[in-house]
Amino acid sequence: MRRSERKAVDPDIGVLTARLMFAVQGELFATLAGQGHPDLRPQHGAVLAYLDPEGSRATELARRSGQHKQVVGKVLDELEELGYVERRPDPSDRRAKLVVPTARGLDQMTRSDAILEAIERGYAEAVGADAYAAFKRMYREIVERQRARRKDAAG
């Protein structure tokens with residue numbers, strides 16, 4: 001059996017994760033577009049998914065998302081231009097900047113939460129609430145183990 005055929009029949013965890021991520025992103029951003037946020041793209045999720053409503057530092061967003069600071073900076077520039085975030089002096093350290101969602105950003109965050117809850121509810125209905133809860137627990141454990149391995153390898 002050719003590798004591509006094997007991957008189609010029995011995809012590995014990387015392929016499955018990518019398929020799920022792209023499917024969820026597709027549904028999320030298509031729904032957001034229909035709800036007044038047509039200018040957002042999946043790459044914006046590297047910031048918006050990790051942004052606290054009261055604001056976050058760019059370095060913290062990079063750490064949470066696992067993205068390089070330069071990538072997060074570029075996404076922040078785009079989101080600021082689109083009116084989703086603004087940079088303000090951090091009240092706890094005037095030398096640092098705090099990335100704060102605007103009213104438009106807060107609306108997107110609220111809508112995203114509701115959309116993702118609906119997506120997950122649909123999965124739970126499809127496979128059963130208990131099975132979905134067990135899947136999510138196991139998947140979270142796998143992700144945490146992988147992150148720990150990556151952190152250990154980085155030294």
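Considering the stretch 106-155 alone, what residues qualify as being within 17 Å of Ala30 (Cα to Cα) and not hydrophobic (A, V, I, L, M, F, W, C)?
Matches in the stretch 106-155: Asp107, Gln108, Thr110, Arg111, Ser112, Asp113, Glu117, Glu120, Gly122.
So Val99 clears everything in (1) modelled with pLDDT of 95 or more; (2) touching a Gly at 6+ places or on another chain (Cβ under 9 Å); (3) surrounded by fewer than 15 Cβ atoms within 10 Å (Cβ to Cβ) except one condition, right? Which one?
(3)
Is it true that Tyr84 is touching a strand residue (DSSP E or B) at 6+ places or on another chain (Cβ under 8 Å), within 23 Å of Leu20 (Cα to Cα) and surrounded by 13 or more Cβ atoms within 10 Å (Cβ to Cβ)?
Answer is no for this residue.
Restricting the search to the stretch 119-135, which residues are charged (D, E, K, R) and in contact (Cβ under 8 Å) with a residue 12 or more places away in the chain?
Passing the criteria: only Glu120.
Please pick out the residue among Asp113, Asp77, Asp107 that is surrounded by 14 or more Cβ atoms within 10 Å (Cβ to Cβ) and at pLDDT 95 or above.
Asp107
Are any residues in the stretch 84-117 part of a helix (DSSP H, G or I) and under 16 Å from the mean Cα position of the chain (by Cα), and if so, which ones?
Gly105, Leu106, Gln108, Met109, Thr110, Arg111, Ser112, Asp113, Ala114, Ile115, Leu116, Glu117
Six or more apart or on different chains, Cβ under 8 Å: which pairs go from a residue in the stretch 1-21 that's under 20 Å from Arg145 (Cα atoms) to one that's aliphatic (A, V, I, L, M)? Could you list them?
Qualifying pairs under 8 Å: Ile13/Ile142.
From Ala58, Ala154, Ala62, grab the single residue that is over 19 Å from the mean Cα position of the chain (by Cα) and either under 26 Å from Leu32 (Cα atoms) or among the hydrophobic types (A, V, I, L, M, F, W, C) (or both).
The conditions single out Ala154.
Consider Leu51 carefully, then state whether it is out of contact with any Asp or Glu (no Cβ under 7 Å at 6 or more places or on another chain), under 25 Å from Glu117 (Cα atoms), at pLDDT 95 or above and part of a helix (DSSP H, G or I).
So Leu51 fails the test.
Cβ-Cβ distance below 8 Å, separation of 6 or more or different chains: which pairs start in the stretch 65-83 with a residue that is over 22 Å from Val143 (Cα atoms) and end on one that is hydroxyl-bearing (Ser, Thr, Tyr)?
Gly83/Thr102
I'd like the residue in the stretch 8-29 that is closer than 30 Å to Ala49 by Cα and not hydrophobic (A, V, I, L, M, F, W, C) and, out of all such residues, is nearest to the chain's Cα centre (by Cα).
Only one residue fits best here, namely Gln25.
Under the condition of being surrounded by 14 or more Cβ atoms within 10 Å (Cβ to Cβ) and among the charged types (D, E, K, R), which residue from the stretch 42-62 is farthest from Leu20 (Cα to Cα)?
Among them, the one singled out is Arg57.
The values are calculated or read from the model by the stated rules, or taken from the named source; none is laboratory data. Since we're looking at a predicted model, the values are computed, not measured. Here Cβ is always computed from backbone atoms with ideal geometry, including for glycine, and neighbour counts include all displayed protein chains.
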